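In what follows, a structure is listed as structure tokens, so that the remarks can point back to it.
The values are calculated or read from the model by the stated rules, or taken from the named source; none is laboratory data. Small disclaimer: the values here were computed from a predicted structure and weren't measured. All Cβ positions, glycine included, derive from the backbone under ideal geometry; neighbour counts span all protein chains shown. For accessibility, only protein heavy atoms count, side chains too; no ligands or nucleic acids. Shrake-Rupley method; radii C 1.70, N 1.55, O 1.52, S 1.80 Å.
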Amino acid sequence: MKQPKRYLVTSALPYANGPVHIGHLAGVYVPSDIYVRYLRGRGEDVLSICGSDEHGVPITIKAKKEGVTPQDVVDKYNGIIKEAFRRFGISFDIYSRTSSPMHAKTASDFFKKLYEQGDFIEQTTEQYYDPEAQQFLADRYITGTCPKCQSEGAYGDQCEKCGSTLSPTELINPKSAITGATPVLKETKHWFLPLNRYEAFLREWILKEHGPENGGGHEVWKSNVYGQCKSWLDGGLLPRAVSRDLDWGIPVPVPGAEGKVLYVWFDAPIGYISATKERFEQRGDAEGWRPDWQAPATKLGHFIGRDSIVFHCIVFPSMLKAHGDFILPENVPANEFLNLENDKISTSRNWAVWLHEYLDEFPGKEDVLRYVLCANAPETKDNDFTWRDFQARNNNELVAIFGNFVNRALVLTGKYFDNRVPALGELTDYDRETIEEIPRIKAAIEHNIENYRFREALKEMMNLARLGNKYLADTEPWKVIKTDEARVATILNISLQITASLAIACEPFLPFTAKKLAAMINLSSVEAKWDNIGCMTLLAPGHELGQAELLFEKIEDSVVEAQLAKLEATKAANAAANATVAEAKAEVVQFDDFAKMDIRVSRVVAAEPVPKTKKLLKLTVDTGLDTRTIVSGIAEYYTPEQMVGKRVLVLVNLVPRVLKGIESQGMILMAESPTGVLSVVAPVAEDEESALKAAPVGSVVG
């Protein structure tokens, strides 16, 4: 099969509603970065594309919870994610975002072309509607009991407990996630991509060209990807809506689509295209993106997680086929899920190891996490990350094998040969056997990376370190030096050449280590090319080495125990929260308890921000009984100027509490509107003027 002239590698766009955790890294970003770095080392023309997915329903849910706008949410988390990737050494050529003007235009133009070609079906269907919020509900705004596993809290598109794909109407006892109201079915118009029209094409392309028995020379897809695609195709494809009734996203760019946006799974994959365009536009080459997306010789690969296989293998290819101007992916290597300490990673339960926190808590140990996540990658089935395994792999493999070999080779050279590479003398049979093993290891690394078996590739890379470690242990130059310095020169020359090959071979997996090791042996970037692995003249006789340093440090039990304690605290907090919710649901409050609350109409006479806080105001309030100070988390919704003179309801007999050094003597009552906006509770009346007359300051409510 002819090698492609260029490679385009995309990595799944992470939702910008939270930071990146180890599950994301093991599933998508570590494998894609290994692949891209390997190709660059080979001198291939490769482009690595990623960016934040900023139009999903989870964004709007997060915004409502935090009392901010969706744009605030995506700006915050796009920054956190992008910086964490940079610090972790993920080498994207561009990290873009789907809220960019370039993406809005690209996605809109894509939709309009399909619309003008008549590729969509317009249908009026019944969709769940929240009568209290007066809005249609996206799938993720509907929760209920899963019909498959009977667990509570399933979403309208998926049950996170059992992993089943659902439709909102399948849920038992559906509720609106906005107001808690029971939704009703109401008619609405949407545009659908008729996937059934592309079923024959997909069968040919996936099952015949990329199936296990394909005869066309195409790459065979991983069994988990192929199996899921075959299951969907065997079940028959149906039209899929590509628009939604939402106010956050890219507006559907056709007449009669007011209040509707592009469905996130139509919008997001186009982000790969728009990010590529943006990358070239930034370099002053507005048309330079075309070969990456339109040249048949380009090899396109999507690195994704299991939960987005159908969108990258069924929906997006159908969109590309309908459009007609773009190439199709050659492979879609998807991984399964990574668990944490034998429990499913959950962002809502904070059961995760967050990348930005890891980088802060383990400075200089980026490659340790990369190594462990690759060694434990869930390539064919779900796998588990544990802190004990993290410690063991660092101490027993990176420190005891890789680091030990390099350190001994460099320290002995410094001790016996003044830190210069000694000359190679006469070779023994064992020397030749060792040298001949290096090309075999190199070929095995290449074969496994090119077939997306990164765990096996990592093992082979470590076999190169094991080879060097064993060679030094067997030849014992620290003993031979007493009788045969020339023999030791040969042993250390071979050991240093292996070290140089290791500096190149480890770069896709351990880029920080590779850079450090190259500096320690003064290996130039010109020499550090993939094809030079196994070259026994990388370091010429007399070549001066740099300063030897430890590549890895042992991780002590106390470090691991601190991380386990952190997870235990999370588990305890979740249990307490669940118990509180259960108790709150079960507890019956007597009227006498309610009657104890003294709620009075009060007037704010002064207001000022609490220093060094964003949410707190210090209010001076006239309750009709006295004038008192109340600290309220109201600054996100009202300025001090807006609060002065405002009538509010105050719980005056609440036990005082000190907040930021200020004694707060009561509580301002607030209410949440159906749209999630908080406001102060005013005395009940048709307007504020009537309320002021009807309820003077000091009036008791209730």
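With respect to the chain, whose longest principal axis is taken over its alpha-carbon atoms, helix 101-116 is tilted by about 80°. Taking amide H as placed 1.01 Å from N in the peptide plane, L616 has its amide H under 5 Å from the amide H of V610, A635, each at least 5 places away in sequence or on another chain. For the chain, take the longest principal axis of its alpha carbons; what is the angle in degrees between that and the long axis of helix 70-88, to the nearest 10 within 0 to 90? Taking Cα atoms only, the helix is inclined about 20 degrees.
Overall, the accessible surface of region 341-408 at a probe of 1.4 angstrom is composed of carbon and sulfur to the extent of 44 percent.
Using C-alpha pairs below 8 Å separated by at least 6 residues, the relative contact order for region 336-386 is 61 percent.
Carbon-plus-sulfur fraction of the accessible area of region 142-252, 1.4 Å probe, in percent?
Working: 2660 of 5400 Å².
The computed percentage sits at 49.
What trypsin sites (Lys or Arg not before Pro) does region 28-63 have in DSSP loop regions with at most 16 other beta carbons within 10 Å? Those that pass, being in a loop and sparsely packed, are R42.
Restricting region 232-310 to trypsin sites (Lys or Arg not before Pro) that sit in a DSSP loop and have at most 12 other Cβ atoms within 10 Å of their own Cβ leaves R283.
Here each label is just a point 7 Å from Cα along the line to Cβ, and for E553 and V184 those points are 6.5 nm apart.
One chain, two ends: E83 and R657. Fully extended at 0.36 nm per residue, the span grows by 202.8 nm beyond their Cα-Cα distance.
Working from label points 7 Å from Cα in the Cα-to-Cβ sense, the K381 to K566 distance is 3.0 nm. Accessible area per residue for the chain is 45 Å², calculated with a 1.4 Å probe on protein heavy atoms, without ligands, DNA or RNA. Projecting the Cα atoms of P251, W191, T169 onto the dipole axis of region 166-269, where Lys and Arg carry +1 and Asp and Glu carry -1 at the beta carbon, places T169 farthest toward the positive end.
With R₀ fixed at 51 Å, the C-beta to C-beta distance from Q642 to T347 puts the FRET efficiency at about 0.90.
Work out, step by step, the length gained on full extension between N339 and K515: first 0.36 nm times the residue separation, then minus their alpha carbon distance; give nm to one decimal.
Details: separation 176, 0.36 × 176 = 63.36 nm, distance 3.09 nm.
Using 0.36 nm per residue and subtracting the Cα-Cα distance, I get 60.3 nm.
Give the residue list of GluC sites (Glu not before Pro) in region 190-220 that are DSSP loop and have at most 10 other beta-carbon atoms within 10 angstrom. Sparse-neighbourhood loop GluC sites (Glu not before Pro): E213. Among beta bridges from DSSP that stay inside the chain, the antiparallel ones total about 70%.
Roughly how tilted is helix 557-586, in degrees to the nearest 10 and between 0 and 90, from the longest Cα axis of the chain? With rounding to tens, the tilt is 20 degrees. A straight chain from T165 to L427 at 0.36 nm per residue would run longer than the Cα-Cα distance by 88.0 nm. Would you mind getting me the FRET efficiency between A392 and Q71? Use the beta-carbon distance for r and R0 = 51 Å, nearest 0.05. Once the sixth-power term is evaluated, E becomes 0.70. Where the centre of each part is set by its Cα atoms, how far does region 393-456 sit from region 293-342, in angstrom? Value for the Cα centre distance between the two parts: 37 Å.
In this structure, D157 and D598 have a Cβ-Cβ separation that, at R0 = 51 Å, corresponds to a calculated FRET efficiency of about 0.65. Ordering Q282, H302, V261 by the projection of their Cα atoms onto the charge dipole of region 223-338, which places +1 on the Cβ of Lys and Arg and -1 on the Cβ of Asp and Glu, puts H302 at the extreme positive end. Ranked by the mean number of other Cβ atoms within 10 Å of their residues, highest first, the peptides 399-407, 525-533, 80-88 fall in the order 399-407, 80-88, 525-533.
Net charge near Q150: determine it from the other residues with C-beta under 15 Å of the C-beta of Q150, scoring Lys and Arg +1 and Asp and Glu -1.
-1
Charging the Cβ of each Asp and Glu at -1 and of each Lys and Arg at +1, and nothing else, the dipole of the chain about its Cα centre rounds to 460 debye. Can you tell me how region 1-157 classifies by the Cα gyration tensor, rounded, prolate or oblate, using a/c under 1.5 as the rounded cut? In terms of gyration-tensor shape, prolate. Highest mean packing first, where packing is the average number of other Cβ atoms within 10 Å per residue, the peptides 615-623, 251-259, 413-421 line up as 615-623, 413-421, 251-259. For K222, the accessible area of its heavy atoms, probed at 1.4 Å with every protein chain present, is near 40 square angstrom.
Around T623, under 12 Å between beta carbons, what's the net of Lys plus Arg minus Asp minus Glu among the other residues?
Numbers: positive: R600, R603, R628, R647; negative: D598, D622, D626.
Once all neighbours under 12 Å are counted, the net charge is +1.
Taking the Cα centre of region 288-441 as origin and charging only Cβ (+1 Lys, Arg; -1 Asp, Glu), how large is the dipole, in debye to the nearest 20? Don't skip to the answer; put the middle values down first.
Numbers: 16 positive and 24 negative charges, 62 e Å.
Dipole about the Cα centre, nearest 20: 300 debye.
A 1.4 Å probe over all protein chains sorts H323, H447 by accessible area into H447, H323, starting with the largest. Taking all protein chains together and a 1.4 Å probe, the residues D267, D598 rank D598, D267 from largest to smallest accessible area.
Around G79, what is the net charge, scoring Lys/Arg as +1 and Asp/Glu as -1 over all other residues with Cβ under 13 Å from its Cβ? Don't jump to the answer; show the numbers that get you there.
On the way: positive: K76, K82, R86, R87, R97; negative: E54, D72, D75, E83.
Around G79, the charge tally is +1.
Between T483 and D418, the simple spin-label model (points 7 angstrom out along Cα→Cβ) gives 2.8 nm.
Could you sort the peptides 106-115, 169-178 by per-residue average Cβ neighbour count (10 Å cutoff), highest mean leading? If you can, show how the numbers build up before the last one.
Values: 106-115: 19.1, 169-178: 17.1.
Put in order of decreasing packing, that is 106-115, 169-178.
Within a straight-line Cα-Cα reach of under 19 Å, K470 can be paired with the following lysines, leaving aside sequence neighbours fewer than 8 residues apart in one chain: K442, K459, K479.
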